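Below is one structure, written out as structure tokens; the observations come after it.
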């Protein structure tokens, strides 16, 4: 929908986008590209861009830009620069963590277990399922969550076995914004497994909101991506806080300490660095502002008929408000919101673009009928109070309209 | 008018959307995601959704994907499986039209503020004296009025069928003129949730418990053999049936699941002169038909209409003008007017004889 500007229009235009106001409430899907990101990337997107593995001046210039970007990303997460592996995005980072660590483990052990929470992003779930499917020595164990979607620490304890290769629990959930108790996950794991195991956290959804050096301090590996914080898509990093043994998933060329082959994209790395720099600088101020918006939104939405705010009592990211509407369908809510220029999401979608039943809500024990009426509105640094007011007015009218027609 | 076009990704619905735009309507495309499982054909694969979305982009219209996977499972797939388990052979495309496209989608379109819903079916809506009649498509080879036979005034008054008055060649001509990438895409023939490479049997065997049966020659009483899955045998079929002792072909006349018995006979022995109808399934498009009404009846998607007389007592049935191959219970029969053979009058499901 956002790409309609690039579509060749024929025939009569149906309500020109130029006159239709747009209210962007889908930051959690992809945040608006920051101006400073585009400016930082520009020199690396035209003309001679040296291959950073080369030895001449142009190569050295590209290499320098990448290493400066690495320093920036390392300080965003609070690790040594050598721990940053640039990847092609959040999914690839998670895949490298799960597949890379498990492959290394299973080559050295008779059996390997992967422990993940039920509410992980498909990047983690599908990688873990693939390993369990393809290798008889690999087992996948799930950690259950409570009705707010927070990992059940008893369940974690039960899932841990001495052959655990990796434990992966996300920093905060992409659909609901619910935060996970990573410090507790770490201490329980370390107590249960002598010598410990590898702890990975998918911090993609949390990156715009949380101070990662503190929040992920007990994690060995952290996955982030650029486009959730105003950077380019297809750019991310797997960050190693502590030394971890893992295999490459994309071998070839020896780049990124042999863990991710292929020429490093200077523009992508520089774009990620510019995005983390801007995010870090304005973190406190943006959080303070958006928490107010979140409170305002929740206070208004709670009066809509049939609404339930998801995980209202849990610790959540400031930017996300997830709600379910009894007897309404996400498809219809999103259609009418789109018509009014409000861009939101049902949070779970499949490759075709259709809204899917959410595995996150299912794990929380949300009634499937209610889950069909899911809506996620997500905000970011650019969100204004006027937009929040418009959202409240438009969403209310859409909900009342659908209720009247039903 | 504000029109919601159901776009399958095929050429017919693509052209339907394009023509409505050219007529100046406010057009929005929607593709229904119906089947969550494996699929290599029909109208719900990711490739078809991609085609529909790309066509909408080329036309410059908004496109949405509506997920009806659960409803499709409940209203179409589960009854399809249950029907076979009970010895019936339902038509899933008709059930999908009835319960999904022309029920849930129509209701949704109304809620979302649309004035009409359009599809790319080869059939026509004729308005006459303030009522709307369903008529056969102009392309006799492609006519799809049969799969829309259950529609009544409530749906027909909101339905647009922009390509119903055209031949398939004309539709492809429009697609080429409009620059639509689907202009030469082959027609889908298959049931969308059944992989063409595996077939109906493989699908049903995964979903229901099959039981064996004895194949008995109807006239001689000879036991000709056994089948391992009586639920997958369809009345009227010849494929897979062994010949009789006389060496002649045999056709399935009756499947008796309770007795684990499949009755077969020579074609002249199995021909039927009447079809029992399930009274609760009978739907009249416009006017209720009385017993004794002469109709043209069609009982398969690619069949030809045959002269028949509707009977209402002792129970609803159809007396055929000429004997016909037996029709499996669960199949739909659509009635057309005798004086105006293009006009649909109603539909019903064939009951067990």
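Brief remarks on what is shown
- Inter-label distance, nm, simple model (7 Å from Cα along the C-beta direction), residue A:263/residue A:214: 4.2 nm
- Once both labels are positioned 7 Å from their Cα atoms along Cα-to-Cβ, the gap between residue A:153 and residue A:45 label points is 4.6 nm.
- GNM flexibility winner over chain B from B:95, B:263, B:290 (Cα, springs under 10 Å): B:290
- Fewest-first ranking of B:185, A:326, B:254, using other Cβ atoms within 10 Å as the exposure measure: A:326, B:185, B:254
- The range B:67-135 - Rg over Rh from alpha carbon coordinates, Kirkwood radius: 1.07
- Mean separation of Cα pairs under 8 Å and 6 or more residues apart, divided by the residue count, gives the range B:132-252 a relative contact order of 13 percent.
- Averaging the sequence gap over all C-alpha pairs within less than 8 Å and six or more residues apart, then dividing by the number of residues, gives chain A a relative contact order of 22 percent.
- Computed from the Cβ-Cβ distance with R0 of 56 Å, the FRET efficiency linking residue A:68 to residue A:401 stands at 0.60.
- Burial ordering of A:44, A:209, fewest other beta-carbon atoms within 10 Å first: A:44, A:209
- D (Stokes-Einstein, µm²/s), Kirkwood Cα radius, the range A:272-359, 1.567 mPa s at 4 °C: 85 µm²/s
- Using the Cβ-Cβ distance between residue A:292 and residue B:71 with R0 set to 45 Å, the FRET efficiency works out to roughly 0.65.
- Over the protein assembly as shown, the fraction of Cα-Cα pairs per 10 Å bin, rounded to whole percents and listed from the shortest bin up, is 3, 12, 18, 20, 18, 14, 9, 5, 1, 0.
- Calculated FRET efficiency for the pair residue B:340/residue B:22, C-beta based, R₀ 25 Å, to 0.05: 0.25
- Choice from A:207, A:346, A:159 showing the highest fluctuation, given a GNM over chain A with Cα pairs closer than 10 Å: A:159
- Euclidean distance between Cα centres, the range A:31-104 to the range B:208-275, Å: 70 Å
- Our helix-only sum for the protein assembly as shown, with -39,500 (n - 2.57) per DSSP H run of n ≥ 4 divided by its residues, gives a mean residue ellipticity at 222 nm of -9500 deg cm²/dmol.
- In the frame of its principal axes, the range A:82-145 has Cα extents of 31, 31, 18 Å, reported largest first.
- Binning all Cα-Cα separations of chain B at 20 Å, short to long from zero, yields these whole-percent fractions: 28, 55, 16, 0.
- Sorted largest first, extent of the range A:38-277 alpha carbons per principal axis (Å): 55, 36, 27
- Length gained on full extension, residue A:326 to residue A:146: 62.7 nm, using 0.36 nm per residue less the C-alpha separation.
- Computed over chain A, the quotient of the alpha carbon radius of gyration and 2.2 N^0.38 Å is 1.01.
- Taking Cα atoms only, the orientation of helix B:11-22 departs from the longest principal axis of chain B by about 30 degrees.
- Scaling against 2.2 N^0.38 Å puts the C-alpha radius of gyration of the range A:305-406 at 1.05.
- Zero-based 5 Å bins, Cα pair distances in the range B:245-327, whole percents: 3, 12, 18, 20, 19, 13, 8, 4, 1, 0, 0
- With neighbour counts taken as other beta-carbon atoms within 10 Å, the residues A:389, A:288 rank, fewest first, as A:288, A:389.
- Separation of the residue A:59 and residue B:259 label points, Cα + 7 Å toward Cβ, nm: 8.6 nm
- A Gaussian network model of chain A, with springs between Cα atoms under 10 Å, assigns the largest mean-square fluctuation among A:90, A:252, A:319 to A:252.
Just so you know, all these numbers are worked out from the coordinates, no wet-lab data involved. Keep in mind the model is a prediction, meaning the values are calculated, not measured. A quick note on method: Cβ atoms are made from the backbone with ideal geometry, for glycine too, and the neighbour counts reach across all protein chains shown.
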